[in-house]
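Worksheet: one structure, shown below.
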Amino acid sequence: MTDITVLLPDGSERKLHEGATVSDLALDVGEGLAKAALIGEVNGEEVDLSVVLSDGATVNIVTSDSDKGLETLRHSTAHVLAQAVLEIYPGATFAIGPPIEHGFYYDFAIPDGATLSDETLEDIEEKMKEIIAADQAFIRGEASVQEALEIFVDHPYKCEIIQAADSSEIDAAEVISFYRNGTGFVDLCRGPHVPSTGKLQHFKLMNVAGAYWRGDEKNPMLQRIYGTAWANKKQLKDHLFRLEEAAKRDHRKLANELDLLSFPSELGGGLAVWHPKGSQVRKLMEDYSRERHESGGYKFVYTPHLANAELFHTSGHLDFYSEGMYPPMEMDNGEYYLKPMNCPMHCLIYRAGTKSYRDLPLRLFELGTVYRYERAGTLHGLMRIRGFTQDDAHIFTSEEGLAEEIAGLLEFVVSVLKAFGFEEFSFNLSTRDPEKSVGDDQIWEHATSALEEALNAHGLPFQMKLGDAAFYGPKIDIDVSDAIGRSWQLSTIQLDFNLPERFDLRYIDSSGERKRPVMIHRALMGSIERFFGVLVEHYAGAFPAWLTPIQVAVLPVANGHEEYAKDVLGKLEGEGFRCEFYRADNPLGKRIRDVKTQKIPYVLVVGGDDVSNGSVGVNARGSEVERGVPLTAFIERLRTEVDTRQ
RNA sequence: GCCGGGUUAGCUCAGUUGGCAGAGCACUUCUCUUGUAAAGAAGAUGUCGUCGGUUCGAUUCCGACACCCGGCUCCA
């Protein structure tokens, strides 16, 4: 028997008997590794542990510690899900079941168009546990296209995949691979898989949902089951815990609990009314935005909510986006539409007088409320809404001035977002899709490189999104990470060569020539409503002192302290702080609990000591109670906190 | 728009195999007067999402619609 030599990732070599598998190698390295091994990576290719190694191969043993291992684990769990569903529902057929972030899903068609519901998940989960307890081996097989079509003769979706693979040039030569486990289950699969179902212990089925076959709404709708799967019990538990924590931050729940806003059904879907507390926060957000725009050289404008159809013909919205617009209102002299965007009206403002190069860049800003007809099933709290307000600006600049304007904009955007407690940003640069765009190549190239240079000049790393631009110009999108690491796309800076053309916008340059300005659409918060929702989730409802609807709650210990407490209240209100008074009709502990549930940052408790000393007891959110703090000291402290937006 | 689930008091939810509904919290009043996360008592509160149908009778069964939730699709 001859030996072979394989190379490990750390550079070391290992001698094995000829015919040794990846599994044998893992065992040779150590029993622990052999037990943890899920798949191998041989010369960069992911393979089953049962694969026989060849001399000189570079081999990496993949465990669930790595992303690849976890992905395999999830993929294999998806197979077990399919196996369970096919066993429980005779005649059911299955489509695709890939690993996804945190888990996996699998799509099924249940006979006679039957559907699955959440209650059935428990039964399916039980069946999966049986399959896992049986520790069935995943056995790979290979077949020709013809053979594969015979194996999956009862499963039309699988056949469609096989035929698609056969017809695509890349995969034409490839054999069709499949995996068997247990007595009857076989699934079309590229692999690799974990060696046996016993490796798949820590999973949970999450929910069922409809999903179109191949993601196309023209195709039949399948039943999709989502699940999560992890390397160990702790990881699974932690994941479920994180989901619970995220649910606690849900802006729809907090908006209700904190009395910020509501979505009365009589109003219609996707439309909100803002209660006083939510409005207070929103007003502060808007005030801050206005303040920054004012000092940033923007001109404030106002435009109506309605416009004649003619405007949206000129802008092209009726040609391109009419499906997303509310239907027209018939009026005496024609049709009127609710505006889905502010830009056409801002173009009218630009066009209202002859512009000189000296007027550029002209920055028009509006908190403009727009209405978009979002499909009923897509509405989602404040995140997807039908009537919303954009912190919208349109900047008209010369082509030469573009780079500088973009550079300034990037700085502006980041600086404003930082005030709302966001620290991590990521940038995406979307480029032209030649199939779906207007304008000549040179301008696109120039504009795209202006965006790229601006990002580079600020040392901002960015991702290129090829072909992701709007039809009218390239753009930079800015994502922020929130307090629990979720990413939200907020800001956008989009160049537009189309609207200046459609509205025939001009300026006179220094040599007296008429030129076309470039238009930049940009929004920082994007939709104020959505941004508010993101903030609620980011802060978990505990707004910082400058933004919170109520900054201070004043609680007398007993009735006898009420007069002094009112005095404290009056002084705080005199300083412009937003306060609420809680008279001593309930035990102190109860009142403290009430205000804490409302996430009010400062609770001032005043009793006998304070009356004699002119002090307050300060119970600040997230810190220890302080007694005997001079009122003036507290005022100063809150003033600083508010002014610096801590 | 599509698939599945849902809608009962201000909030969170229980309930009725068809006979006009209930808890906790909140609210009102009274008592207690409190030093840091739930004092006690009493009281009031509902077109059981809307409209139609079946029925002697519908909150309950059926249908349509509205709105919400989880996804799919879409997102200028």
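Hey, any hits in region A:157-175 for a residue that's at negative phi, surrounded by 15 or more Cβ atoms within 10 Å (Cβ to Cβ), more than 16 Å from RNA strand B (Cβ to nearest atom) and touching a residue at least 60 places away in the same chain (Cβ under 8 Å)? Checking region A:157-175: at least one residue is at negative phi, surrounded by 15 or more Cβ atoms within 10 Å (Cβ to Cβ), more than 16 Å from RNA strand B (Cβ to nearest atom) and touching a residue at least 60 places away in the same chain (Cβ under 8 Å).
In the set (1) over 24 Å from the mean Cα position of the chain (by Cα); (2) within 11 Å of RNA strand B (Cβ to nearest atom); (3) buried (at least 23 other Cβ atoms within 10 Å of the Cβ), residue A:589 fails one condition alone, (3).
Yes/no matrix, rows are residues, columns are (1) assigned to a strand (DSSP E or B); (2) over 26 Å from residue A:254 (Cβ atoms):
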residue	(1), (2)
A:369	yes, no
A:374	no, no
A:377	no, no
A:382	no, no
A:396	yes, yes
A:403	no, yes
A:409	no, yes
A:417	no, no
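Kindly indicate whether residue A:311 is closer than 30 Å to residue A:421 by Cβ and surrounded by 13 or more Cβ atoms within 10 Å (Cβ to Cβ). Judged against the criteria, residue A:311 is not a match. Residue A:230 fulfils the conditions (1) within 11 Å of RNA strand B (Cβ to nearest atom); (2) within 25 Å of the chain's Cα centre (by Cα) except for a single criterion, (1). One residue stands out in region A:32-59 among those that are more than 20 Å from residue A:137 (Cβ to Cβ) and within 34 Å of the chain's Cα centre (by Cα): the one that is surrounded by the fewest Cβ atoms within 10 Å (Cβ to Cβ), namely A:44. Condition test on residue A:600, is it of a type in the set (A, V, I, L, M), outside any loop (DSSP other than H, G, I, E, B), free of Cβ contacts under 8 Å to residues at least 60 places away in the same chain and within 30 Å of residue A:540 (Cα to Cα)? When the stated conditions are applied, residue A:600 does not pass them.
When you scan region A:98-126, how many residues do you find that are in a helix (DSSP H, G or I), within 12 Å of RNA strand B (Cβ to nearest atom) and farther than 21 Å from residue A:155 by Cα? Even if it seems obvious, please write down each step before you answer.
The initial filter retains those residues of region A:98-126 that are in a helix (DSSP H, G or I), namely A:111-113, A:118-126.
Next, only the ones that are within 12 Å of RNA strand B (Cβ to nearest atom) stay: A:112-113, A:118-121.
Subset that is farther than 21 Å from residue A:155 by Cα: A:118-121.
Counting residues in region A:98-126 that are in a helix (DSSP H, G or I), within 12 Å of RNA strand B (Cβ to nearest atom) and farther than 21 Å from residue A:155 by Cα gives 4.
Restricting attention to region A:6-15, does a residue exist that is basic (Lys, Arg), farther than 29 Å from residue A:226 by Cβ and surrounded by fewer than 23 Cβ atoms within 10 Å (Cβ to Cβ)? Can you show your working first?
The initial filter retains those residues of region A:6-15 that are basic (Lys, Arg), namely A:14-15.
Narrowing the set further to residues that are farther than 29 Å from residue A:226 by Cβ leaves A:14-15.
Applying the additional criterion that residues be surrounded by fewer than 23 Cβ atoms within 10 Å (Cβ to Cβ) yields A:14-15.
Looking for residues that are basic (Lys, Arg), farther than 29 Å from residue A:226 by Cβ and surrounded by fewer than 23 Cβ atoms within 10 Å (Cβ to Cβ), one finds at least one in region A:6-15, hence yes.
State whether the residues of region A:599-611 include one that is out of contact with any Gly (no Cβ under 9 Å at 6 or more places or on another chain) and small (Gly, Ala, Ser). No, that holds for no residue. Hey, any hits in region A:193-206 for a residue that's over 21 Å from residue A:131 (Cβ atoms) and surrounded by fewer than 19 Cβ atoms within 10 Å (Cβ to Cβ)? No: zero hits. Selection over region A:424-439 of residues that are in a loop (DSSP other than H, G, I, E, B) and in contact (Cβ under 8 Å) with a residue 40 or more places away in the chain gives a count of 4. Residue A:593 passes every criterion in (1) out of contact with any strand residue (DSSP E or B) (no Cβ under 8 Å at 6 or more places or on another chain); (2) farther than 30 Å from residue A:486 by Cβ; (3) not in a loop (DSSP other than H, G, I, E, B) apart from (2). Please indicate, with yes or no, whether at least one residue in region A:393-400 is within 15 Å of RNA strand B (Cβ to nearest atom), closer than 30 Å to residue A:532 by Cα and surrounded by 19 or more Cβ atoms within 10 Å (Cβ to Cβ). Taking every residue of region A:393-400 in turn, at least one turns out to be within 15 Å of RNA strand B (Cβ to nearest atom), closer than 30 Å to residue A:532 by Cα and surrounded by 19 or more Cβ atoms within 10 Å (Cβ to Cβ).
Does region A:336-348 contain at least one residue that is free of Cβ contacts under 8 Å to residues at least 24 places away in the same chain, within 24 Å of the chain's Cα centre (by Cα) and not in a strand (DSSP E or B)? No; the residues of region A:336-348 include none that is free of Cβ contacts under 8 Å to residues at least 24 places away in the same chain, within 24 Å of the chain's Cα centre (by Cα) and not in a strand (DSSP E or B). In region A:310-332, of all residues being in a helix (DSSP H, G or I) and at pLDDT below 90, the one that is nearest to RNA strand B (Cβ to nearest atom) corresponds to A:320.
Of note, residue A:573 satisfies the criterion of being surrounded by fewer than 18 Cβ atoms within 10 Å (Cβ to Cβ) and free of Cβ contacts under 8 Å to residues at least 24 places away in the same chain. Does residue A:531 satisfy the condition of being outside any loop (DSSP other than H, G, I, E, B) and aromatic (Phe, Trp, Tyr)? Against the criterion (outside any loop (DSSP other than H, G, I, E, B) and aromatic (Phe, Trp, Tyr)), residue A:531 qualifies. Only one of the numbered conditions (1) outside the structural domain of residue A:75 (by TED's automatic domain parsing); (2) in contact with a helix residue (DSSP H, G or I) (Cβ under 6 Å, 6 or more places away or on another chain); (3) of a type in the set (A, V, I, L, M, F, W, C) is violated by residue A:258, and that is (2). When A:557, A:536, A:611, A:616 are screened for being more than 19 Å from residue A:420 (Cβ to Cβ), crowded, with 21+ Cβ neighbours inside 10 Å, at pLDDT 95 or above and within 15 Å of RNA strand B (Cβ to nearest atom), only A:616 passes.
The values are calculated or read from the model by the stated rules, or taken from the named source; none is laboratory data. Nothing here was measured: the structure is a model prediction, and the numbers come from that model. Counting neighbours? That spans all protein chains shown, and the Cβs are built from the backbone with ideal geometry, glycine included.
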